[in-house]
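In what follows, a structure is listed as structure tokens, so that the remarks can point back to it.
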Amino acid sequence: MRVLLYRGDGQIAAWAEGLARAMPGVQTLGWQEGEQLGACNYAVLWNPSHGLLAQLAQAAQLKAIFLMGAGADTILKFGDALPSAPIVRLGDTGMAVQMAEYVAHATLRYFRRFDEYEQQARHGLWSPLPVYAKEEFTVGVMGLGKLGLRVVETMRAFEFPVRGWSRTPKELHGVDCFAGMEQLDDFLRGTRVLVSLLPLTSETNNLLDRRRLSTLPQGAYVINVARGAQLAEPDLLTLIRSGHIAGATLDVFRNEPLPAPHPFWDEPRITITPHISALTVRSEAVRQIADKIAAFEADQPVDDIVDRNLGY
Ligand code: NAP
Ligand code: GLV
């Protein structure tokens with residue numbers, strides 16, 4: 001069996017070693033811009049180019065494409081150039097717990113006022129601040145998939161009131177569930193800490209615009225760990241400066257790396273991280289991909305196949 005490995009950053013050596021260990025007898029191959037692609041049965045990719053996908057679309061023996069991450073927007077954006085083979089994304093593989101760590105940290109930093117205590121300490125100030133009421137700190141998680149559900153579970157363990165929003169209706173113990181565009185405003189109205197764990201699709205692009213962000217209650221806090229294009233960045237800034245939104249922790253941006261002159265860098269109420277909230281854990285990812293290739297070979301059902309119509 002021949003498996004193509006490709007990453008936009010060229011770092012495939014460790015993936016090739018891992019796959020060889022997980023699938024004895026597998027032949028891995030690489031590809032560089034301008035090369036003719038060799039025959040392959042599976043492709044394992046991250047940030048592919050248009051040129052590679054055009055060649056894969058002609059690869060007669062290609063059975064499936066695996067992504068080295070969770071977000072299918074990274075490949076679906078190529079639209080008509082995509083091969084017809086199924087696209088399979090990573091399902092958790094160690095990312096859910098990282099998301100839970102990140103969101104818990106950002107929420108607790110704001111709720112327990114650690115951000116303000118950091119400032120006070122810098123000025124040598126010993127001054128306990130009033131405590132926020134937990135019952136008023138509803139955490140609202142947009143996206144109740146592999147990652148969102150783990151965040152919901154974690155925030156419930158800290159005894160925050162938790163609500164969730166998804167495309168299809170859900171019933172989750174101890175969580176107020178909302179679904180669809182018709183329930184989005186109700187969801188936002190009662191959310192004090194907003195977390196996005198939605199995939200980037202035509203429906204979620206620019207979803208968090210000025211009107212929707214204004215629907216959040218006064219003093220709300222925004223955590224975006226999904227994709228930058230879901231958030232209207234100038235609108236968030238305006239609402240933070242007007243005092244309606246208290247602040248934000250952002251891991252993802254419309255343009256990455258976040259450009260040097262971007263006004264977010266100068267806004268002290270915005271905490272910025274460089275798209276690290278949940279990194280691919282290569283060993284777990286390789287194991288899952290090897291298991292899924294085995295399932296394809298045995299004509300067994302495979303999880304996490306991307307629905308191209310839904311965009312995730
Ligand atoms: P997932 O399992 O596919 O879950 C997606 C969730 O979003 C589902 O609950 C889905 O609803 C909901 N959803 C999709 N479209 C919606 C819409 N139009 N309205 C309301 N809800 C909608 O995805 P995941 O594995 O949890 O990953 C989520 C995203 O996290 C990825 O797509 C990626 O962009 C991002 N991510 C970021 C990082 C990082 O480091 N920053 C790392 C990994 C992933 P249903 O349940 O009804 O289908
Ligand atoms: C990272 O952003 C991913 O989608 O896995």
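Values quoted throughout were computed directly from the atomic coordinates according to the rules given, and no laboratory measurement underlies them. Here the structure is a predicted model, which means the values were calculated and not measured. Heads up, the Cβs are rebuilt from the backbone with ideal geometry, glycines too, and the neighbour counts pull from every protein chain shown.
Using the Cα centre as the reference, give the magnitude of the dipole from point charges on the C-beta atoms of region 58-182 (Lys, Arg: +1; Asp, Glu: -1; all else neutral), rounded to the nearest 20 debye.
Dipole of region 58-182, to the nearest 20 debye: 280 debye.
Packing around the peptides 146-158, 163-175, taken as the average count of other Cβ atoms within 10 Å per residue, puts them in this order, highest first: 146-158, 163-175.
Per residue, the chain reaches -9000 deg cm²/dmol at 222 nm when only DSSP H runs of four or more residues are counted, each adding -39500 (n - 2.57).
For region 95-272, what is the charge dipole size about the Cα centre, in debye to the nearest 20, if Lys and Arg each add +1 at the Cβ and Asp and Glu each add -1 at the Cβ?
Using Cβ point charges on Lys, Arg, Asp and Glu, region 95-272 gives about 60 debye.
Positive-end ranking of Ile272, Gly38, Ala285 along the dipole of the chain, with charges on Cβ about the Cα centre, is headed by Ile272. Relative to one another, the C-alpha centroids of region 188-217 and region 235-289 are positioned 15 Å apart.
Over the chain, what is the relative contact order in percent, taking alpha-carbon pairs closer than 8 angstrom and at least six residues apart?
Relative contact order, the chain: 16 percent.
Taking the longest Cα principal axis of the chain as reference, the axis of helix 95-111 is set at about 10 degrees. As a rough footprinting exposure proxy, the listed residues Lys77, Lys292 were ranked by other beta carbons within 10 Å of their own, and the order from fewest upward is Lys77, Lys292. Shape class of region 95-272 from the alpha-carbon gyration tensor: oblate, with a/c at 1.5 or above and b/c at least as large as a/b. Summing Cβ point charges (Lys, Arg +1; Asp, Glu -1) relative to the Cα centre of the chain gives a dipole of roughly 240 debye. Close Lys pairs in the chain (alpha-carbon distance under 29 Å; sequence gap of 8 or more, or different chains): 11. Each part gets one Cα centre, and for region 96-167 versus region 49-72 those centres are 38 Å apart. Here the Karplus relation 6.51 cos²θ - 1.76 cosθ + 1.60, evaluated at θ = phi - 60°, turns the backbone of region 8-24 into coupling constants of x, 8, x, 7, 10, 4, 5, 5, 5, 4, x, 5, 5, 5, 6, 10, x Hz, with x for every Gly and Pro. Considering only Val193, Asn224, Gln98, and ranking their Cα positions along the charge dipole of the chain that arises from unit charges at the beta-carbon of Lys, Arg, Asp and Glu, the one farthest toward the positive end is Val193. Each of Ala20, Gly124, Pro257 was placed along the dipole of the chain (beta-carbon charges, centred on the mean Cα), and the one lying farthest toward the positive end is Gly124.
Quickly rank 267-273, 9-15 as a protection proxy: mean count of other C-beta atoms within 10 Å, highest first.
Output ranking for 267-273, 9-15: 267-273, 9-15.
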